[in-house]
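Everything on this sheet refers to the single structure shown next.
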Amino acid sequence: MNIFEDHIPLEKLKLNEPLKDHTYIKLGGKADILIHPTTKEEIMNILAIAKKHQIPLTVIGKGSNVIIKDQGVRGVTISLSHFDQIKVCDNKIVAQSGSNIIDVSRIALDNSLTGLEFACGIPGSTGGALYMNAGAYGGQMDEVVERALVLTKDGELLDMVRDDMKLGYRNSIFKTDQYIILEVEFGLKKGNKDVISSIMQDLTFKRESKQPLEYPSCGSVFKRPEGHYVGKLIQECNLQGTRIGGAEISRKHAGFIINADHATAEDYLELIKLIKKRVYDKFNIELETEVIILGE
Ligand SMILES: Cc1cc2nc3c(=O)[nH]c(=O)nc-3n(C[C@H](O)[C@H](O)[C@H](O)COP(=O)(O)OP(=O)(O)OC[C@H]3O[C@@H](n4cnc5c(N)ncnc54)[C@H](O)[C@@H]3O)c2cc1C
């Protein structure tokens, strides 16, 4: 603990912090140490100290796509949610990784820039969205991202262009090589503000009418298997409404598992296991989780 205190202001550092308060799904255990850095230098210091003292390090953005296991996360967890500046320069937007991708899309709208309409309802950070190559309604991060400033696990700063990022369906080099994304540069096009706004309103309406946004969740739990829709597969197994503990397969959207009533991570993981088994038994399809499971 002292080793971090010397480099990070005390108010940015918490011990035994319940991570359920830092995730959308509102479950899971505590972080031994949670730090909210606000500068690049602080992030670099945390990484260097963790490396020197062999302390495990975990990074989260807004926590909208993670399940933290009930025993929590050992070592130091960095939450980037306060590292959130956004700048606009002509047709480019440069966003620090902890900024809300929704805010970036709103700033694009304010500046009549088109390309980020798809992201107007994705509830995560810019860094998390790039890490996951998030997408919705026909748009995806790989279509609008031009560069990213990242930190390798050895503490080296890298300026990457899109082709280096190996962006695929909910996949990226950041996942495989454990880079920390610091800044993301978007290349957008000038558009018509009214048209951009109307597309965003339409997508927001679609999202609100189809997704159980009134409950905590982590969005679509599974990746889409080629040629199929996860929700339909789960629906056809008659699983909607199935509950384990406080976790329930949404009746509104079968691809979502909601935290209906004080669910534990174990409830959630048991329900994932049940869905995978039932879908495999009925359709011979192996579902792969999109959501990231962290901790022990
Ligand atoms: C209601 C709801 C709707 C959703 N709808 C969509 C959707 O339409 N499309 C879609 O693609 N996703 C959707 N999601 C999932 C989620 O919002 C996205 O994946 C989002 O981009 C994750 O960002 P985050 O900051 O919350 O990441 P987190 O959940 O905090 O982290 C996810 C992963 O990214 C890593 N990570 C986060 N930030 C960084 C960083 N700066 N550097 C390195 N690694 C990092 C973490 O280690 C973790 O492995 C939805 C989720 C919810 C709850």
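Listed residues I25, I67; which is more than 30 Å from S198 (Cβ to Cβ), outside any loop (DSSP other than H, G, I, E, B) and within 16 Å of the ligand (Cβ to nearest atom)?
Step by step, each of I25, I67 is checked, and only I67 is more than 30 Å from S198 (Cβ to Cβ), outside any loop (DSSP other than H, G, I, E, B) and within 16 Å of the ligand (Cβ to nearest atom).
Does V104 satisfy the criteria of being in a strand (DSSP E or B), away from the ligand (no atom under 11 Å from the Cβ) and of a type in the set (A, V, I, L, M)?
Against the criterion (in a strand (DSSP E or B), away from the ligand (no atom under 11 Å from the Cβ) and of a type in the set (A, V, I, L, M)), V104 does not qualify.
I need the full set of residues from region 171-183 which are at pLDDT 95 or above and of a type outside the set (S, T, N, Q), in order please.
I173, F174, Y179, I180, I181, L182, E183
Scanning for something away from the ligand (no atom under 13 Å from the Cβ), under 28 Å from H22 (Cβ atoms), among the β-branched types (V, I, T) and buried (at least 17 other Cβ atoms within 10 Å of the Cβ), does region 182-189 turn up at least one residue?
Kept after step one, since they are away from the ligand (no atom under 13 Å from the Cβ), are these residues of region 182-189: 185-189.
Filter once more, so that each one left must be under 28 Å from H22 (Cβ atoms): 185-186.
From what's left, among the β-branched types (V, I, T): none.
No, that holds for no residue.
When you check K20 against the structure, is it at pLDDT 95 or above, part of a helix (DSSP H, G or I) and in contact with a Lys or Arg (Cβ under 7 Å, 6 or more places away or on another chain), yes or no?
yes
Need a quick list: strands (runs of 3 or more DSSP E) entirely within region 160-279 having at least 2 residues that are touching a Phe, Trp or Tyr at 6+ places or on another chain (Cβ under 7 Å).
Once the strands (runs of 3 or more DSSP E) in region 160-279 are filtered for at least 2 residues that are touching a Phe, Trp or Tyr at 6+ places or on another chain (Cβ under 7 Å), what remains is 217-220, 256-259.
Looking at (1) over 23 Å from N259 (Cβ atoms); (2) surrounded by fewer than 16 Cβ atoms within 10 Å (Cβ to Cβ), which is the one condition that is false for R243?
(1)
Is it the case that some residue within region 126-143 is in a helix (DSSP H, G or I) and farther than 19 Å from Q178 by Cβ?
Yes, the conditions are met somewhere in region 126-143.
Quick one: in region 280-296, which of the residues that are in a loop (DSSP other than H, G, I, E, B) and either among the hydroxyl-bearing types (S, T, Y) or on the phi > 0 side of the Ramachandran plot (or both) is nearest to the ligand (Cβ to nearest atom)?
Among them, the one singled out is G295.
Return the residues of region 65-86 that are surrounded by 24 or more Cβ atoms within 10 Å (Cβ to Cβ) and of a type in the set (S, T, N, Q); say none if nothing qualifies.
N65, T77, S79
So which of D154, D164, D194 ends up being modelled with pLDDT under 95 and more than 20 Å from S81 (Cα to Cα)?
Numbers: D164 fails: modelled with pLDDT under 95; D194 fails: modelled with pLDDT under 95.
Sole residue among the options that is modelled with pLDDT under 95 and more than 20 Å from S81 (Cα to Cα): D154.
Mind checking which residues of region 154-181 are surrounded by 15 or more Cβ atoms within 10 Å (Cβ to Cβ), free of Cβ contacts under 8 Å to residues at least 40 places away in the same chain and on the phi > 0 side of the Ramachandran plot?
K166 - this is the single residue of region 154-181 that is surrounded by 15 or more Cβ atoms within 10 Å (Cβ to Cβ), free of Cβ contacts under 8 Å to residues at least 40 places away in the same chain and on the phi > 0 side of the Ramachandran plot.
Quick one: in region 70-101, of everything that is acidic (D, E) and either in contact with a Ser or Thr (Cβ under 7 Å, 6 or more places away or on another chain) or outside any loop (DSSP other than H, G, I, E, B) (or both), which residue is nearest to the ligand (Cβ to nearest atom)?
Step by step, filter region 70-101, then rank; the result is D84.
Considering each residue of region 118-151, count those that are acidic (D, E) and near the ligand (Cβ under 6 Å from one of its atoms), and give that number.
Of region 118-151, the ones acidic (D, E) are 142-143, 146.
Now restrict to residues that are near the ligand (Cβ under 6 Å from one of its atoms): none.
Of the residues in that region, 0 qualify.
Name every residue in region 87-99 that is polar (S, T, N, Q) and surrounded by fewer than 23 Cβ atoms within 10 Å (Cβ to Cβ), in order of residue number. Break it down into steps so the answer makes sense when it comes.
Within region 87-99, the subset polar (S, T, N, Q) is 91, 96-97, 99.
Across region 87-99, the qualifying residue is only N91.
The values are calculated or read from the model by the stated rules, or taken from the named source; none is laboratory data. None of these values were measured; they are calculated from a predicted model. Cβ atoms come from the backbone with ideal geometry, glycine included; neighbour counts cover every protein chain shown.
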